[in-house]
């Protein structure tokens, strides 16, 4: 069944990610990495927009950011445009971590797909993207682009 296979692949993906990242000397979860990457690409992003960009629950993104702040990788400050919003910036340590961890993350992606040919891996990713796009709005945390629209 596709649901069971998706859950198993997620288990494998997380285990491989954590092993590769730990072996490289880092302590980041896949969600923390996704948040760091999105903040790196979108300096000054607010937490709610970040949650949409990485398809993460808006109420629990705060804990992810709390841990990145505690690790010295991200700064969180009140928005100058909206006092209720929190803007996020990657620190110099966050920039260094992002650059240094990228090879481990890329290696993890290759390991996850190691049983497939290059063509099969591209096809799997294409089909996953297609299925996810079709079911995006069914998720508790739909993927959103920077405008709040479905991604």
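The values are calculated or read from the model by the stated rules, or taken from the named source; none is laboratory data. Owing to the predicted nature of the structure, the values given are computational and were not obtained by experimental measurement. Counting neighbours? That spans all protein chains shown, and the Cβs are built from the backbone with ideal geometry, glycine included.
If I go through the stretch 65-74 residue by residue, how many of them are exposed (fewer than 15 other Cβ atoms within 10 Å of the Cβ) and in contact with a helix residue (DSSP H, G or I) (Cβ under 8 Å, 6 or more places away or on another chain)?
Final tally of qualifying residues: 1.
Which of the residues that make up the stretch 107-130 are free of Cβ contacts under 8 Å to residues at least 24 places away in the same chain, surrounded by 11 or more Cβ atoms within 10 Å (Cβ to Cβ) and assigned to a helix (DSSP H, G or I)? Explain how you work it out, then say what you get.
Step one: filter the stretch 107-130 for residues free of Cβ contacts under 8 Å to residues at least 24 places away in the same chain, giving 109-110, 113-130.
After this cut, where a residue has to be surrounded by 11 or more Cβ atoms within 10 Å (Cβ to Cβ) as well, the list is 109-110, 113, 116, 120-125, 128.
Selection gives 109, 110, 120, 121, 122, 123, 124, 125, 128.
With the condition kept exactly as written, say whether any residue in the stretch 86-93 is in a helix (DSSP H, G or I) and within 28 Å of residue 23 (Cβ to Cβ). I'd like the intermediate steps shown before the answer.
The initial filter retains those residues of the stretch 86-93 that are in a helix (DSSP H, G or I), namely 92-93.
If we keep only those that are within 28 Å of residue 23 (Cβ to Cβ) too, we end up with 92-93.
Yes, the conditions are met somewhere in the stretch 86-93.
Would it be correct to say that residue 46 is surrounded by 13 or more Cβ atoms within 10 Å (Cβ to Cβ), in contact (Cβ under 8 Å) with a residue 12 or more places away in the chain and either within 28 Å of residue 140 (Cβ to Cβ) or in contact with a helix residue (DSSP H, G or I) (Cβ under 6 Å, 6 or more places away or on another chain) (or both)? Full working, then the answer.
Numbers: surrounded by 13 or more Cβ atoms within 10 Å (Cβ to Cβ): yes; in contact (Cβ under 8 Å) with a residue 12 or more places away in the chain: yes; either within 28 Å of residue 140 (Cβ to Cβ) or in contact with a helix residue (DSSP H, G or I) (Cβ under 6 Å, 6 or more places away or on another chain) (or both): yes.
Answer is yes for this residue.
So in the stretch 75-100, with the set limited to residues that are closer than 12 Å to residue 39 by Cβ and touching a residue at least 60 places away in the same chain (Cβ under 8 Å), which one is surrounded by the fewest Cβ atoms within 10 Å (Cβ to Cβ)?
98
With the checklist (1) modelled with pLDDT under 85; (2) more than 15 Å from the chain's Cα centre (by Cα); (3) buried (at least 16 other Cβ atoms within 10 Å of the Cβ) in hand, flag the one item residue 144 doesn't pass.
(2)
So that you can scan it fast, the table gives a plain yes or no per residue for (1) at pLDDT below 95; (2) in a loop (DSSP other than H, G, I, E, B); (3) under 12 Å from the mean Cα position of the chain (by Cα):
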residue: 16; (1), (2), (3): no, no, no
residue: 39; (1), (2), (3): no, no, yes
residue: 48; (1), (2), (3): yes, no, no
residue: 55; (1), (2), (3): yes, yes, yes
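From 41, 24, 55, grab the single residue that is surrounded by fewer than 18 Cβ atoms within 10 Å (Cβ to Cβ), over 19 Å from residue 136 (Cβ atoms) and in contact (Cβ under 8 Å) with a residue 60 or more places away in the chain. If you could, list the steps in order and put the result at the bottom.
Details: 41 fails: in contact (Cβ under 8 Å) with a residue 60 or more places away in the chain; 55 fails: over 19 Å from residue 136 (Cβ atoms).
Going through 41, 24, 55 in turn, just one is surrounded by fewer than 18 Cβ atoms within 10 Å (Cβ to Cβ), over 19 Å from residue 136 (Cβ atoms) and in contact (Cβ under 8 Å) with a residue 60 or more places away in the chain: 24.
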